[in-house]
Amino acid sequence: MNQNQHQQASDGRHDDDAALSDFLASLMDYTPTIPDELVEHYLAKSGFQCPDVRLIRLVAVATQKFVSEVASDALQQCKARQAAVVKDKRDKQQKDKRLILTMEDLSRSLRELSIVFY
Amino acid sequence: MSDGGRESERGPEKPAPQRKPGGEEFARAFVKVAVAQICESEGFQSFQQSALETLSDVTVRYIRDIGKTAHVYANQAGRTESNVFDIIQGLEDLGLAQGFLGASDIEHCLASSGTVRELAQYVGESEQIPFAYSLPQFPVVKDRKLTPSFLQIGEEPPGEHIPAWLPAFPDPGTYAQSSTPNDRTIELKMAKIEQENQRRKPERSLLNVNQWLASNELEGPSSVDAGDAAKAKQAAAKAKQAAESNPFLAAPLQYGEKEVSSVVLPAKTKLSNDSTTGNPISKYHGMDNHVSVLEAFAPNIEAMKSGLRDSEEGHKKVLLNTRPTVQFKLGSGKKYLGSMLDSSPQNKSFEVNESWFGRLNEKDDKKRRAEQILKESMGNLQELDHL
């Protein structure tokens with residue numbers, strides 16, 4: 001019984017490893033928006049050494065996810081503000097359709113991630 | 001994407017204007033493009049410039065933080081090269097502020113970390129946005145041309161104490177005193193100065209004043225010569241300090257080698273005044289120790305500056321040298337007197353003022369007048385500074 005449990009646990013770990021290696025393999029198909037050379041340059045600046053391209057891709061994808069989260073947060077703020085303004089004036093809805101990334105929205109969404117700038 | 005979306009992308013061809021382009025600017029421009037593309041895919045149509053720069057700055061820091069944490073974890077495990085688990089740990093550390101699934105688990109396998117799962121989810125859901133430009137491998141490592149050793153040249157090192165495998169000494173012609181005629185060296189220096197003028201506005205304005213004065217044919221040749229000599233001296237000073245490819249090439253001019261206009265030596269206290277008021281010319285040339293040059297050309301520089309100022313007011317003023325036939329008109333006496341009383345800290349100047357008003361047309365007063373005008377210009381400069 002003990003052996004059985006142990007077997008299951010190691011199988012589970014095996015699955016996790018398999019999942020991870022599958023994920024890394026799938027990364028090679030996905031081209032992140034941030035190019036590899038750029039990521040490699042900044043990683044090298046902080047002392048990160050790795051010959052594996054998949055890891056560079058991993059970092060690139062992670063950064064892309066981070067930026068898109070910040071951007072979507074800021075977008076929500078922007079839309080919320082536009083909706084609030086529309087309550088006052090109906091004209092704004094036709095004019096201000098452009099969604100602009102402003103410092104205010106950006107600072108609010110970054111604040112959620114405890115990134116503060118002055 | 002429609003045209004409306006396209007115009008929000010900013011090309012990286014223009015780095016920030018009037019800044020020396022370095023490797024950092026190059027990478028930053030690309031990061032801005034990438035960030036802009038990501039934001040655009042989220043639905044933004046345009047950006048505030050400062051917002052885009054801030055976000056790209058945050059992105060760069062994020063990448064560097066991941067690298068740093070991964071590196072730290074690898075070192076903790078006794079490795080120099082990071083592996084995927086180091087990165088996952090780094091991501092977890094950075095994601096703690098935001099929170100991810102499984103963050104509160106004390107012992108969990110890194111392979112099944114919540115961050116990885118979220119990433120896998122993101123990869124599965126989002127569409128690929130290829131980067132708009134193709135990047136070369138950077139930073140480009142330049143091949144260093146090493147100085148060949150004594151052995152490689154086939155030379156024998158001068159002296160027994162120098163081993164032959166050390167790099168050879170440079171050609172003695174590069175550092176010994178050059179015997180080339182002064183004109184050529186001055187021409188070379190003039191060429192260097194012309195290049196640097198584009199970045200140095202005060203120098204250019206002085207140059208303009210020189211030319212203006214030359215065109216007006218008032219003390220034209222002498223002022224141009226003084227200007228040239230000034231430039232040559234500055235070039236000599238600069239060439240000394242310039243970190244060019246071969247700084248040994250520029251041989252400095254020795255005192256007395258070139259004929260320059262004789263110097264009106266101002267009072268010593270005025271000299272200290274000059275160096276402490278932060279004369280912008282001296283600042284730019286970084287000539288902290290070269291007081292002799294400043295001292296030598298302070299009269300010219302001050303007179304040129306006062307000439308520049310006065311040209312705005314519409315008065316005519318001529319570069320003051322010790323050469324004869326100096327004509328000058330003064331502005332409203334009131335103004336100068338006021339400024340002189342305000343700013344000149346020395347009692348001596350008061351006496352000179354009075355004597356100046358008393359004896360207007362005497363020839364032996366020319367020197368004192370010269371000093372006076374210099375003091376005025378210094379005073380006006382200080383006024384301007386106060387403004």
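Points to keep in mind about this one:
- Segment B:67-128, relative contact order [Cα under 8 Å, separation at least 6], %: 26
- Sequence of B:82, B:112 once ranked by neighbouring C-beta atoms within 10 Å, starting from the fewest: B:112, B:82
- Under 5 Å between amide hydrogens, built in the peptide plane, is the criterion, and for residue B:149 it picks out B:168 among residues at least 5 positions away or on other chains.
- In the structure shown, the pairs B:192/B:258; A:65/B:32; A:45/B:32; B:189/B:329; B:192/B:367; A:45/A:79 are assessed against 27 Å; a Cα-Cα span above that value is assigned to B:189/B:329; B:192/B:367; A:45/A:79.
- Fully extending the segment from residue B:83 to residue B:171, taken as 0.36 nm per residue of separation minus the present Cα-Cα distance, adds 26.6 nm.
- Net charge over other residues, Cβ less than 9 angstrom from the Cβ of residue B:164 (K, R count +1; D, E count -1): -2
- Residues whose amide H lies under 5 Å from that of residue B:47, counting only those 5 or more places away or on a different chain, are A:101; hydrogens are built 1.01 Å from N in the peptide plane.
- Within-14-Å neighbourhood charge of residue A:58 [Cβ basis; K, R +1; D, E -1]: -4
- Residue order, fewest to most surrounding Cβ atoms within 10 angstrom, among B:35, A:85: A:85, B:35
- Total formal charge among the other residues, if their Cβ is under 15 angstrom from that of residue A:114, Lys/Arg +1 and Asp/Glu -1: -2
- Among A:118, B:73, B:255, B:122, sorting on how many other beta-carbon atoms sit within 10 Å of each Cβ, with the fewest leading, yields A:118, B:255, B:122, B:73.
Every read-out reported here was derived from the displayed coordinates using simple, explicitly stated rules and does not represent laboratory data. Small disclaimer: the values here were computed from a predicted structure and weren't measured. All Cβ positions, glycine included, derive from the backbone under ideal geometry; neighbour counts span all protein chains shown.
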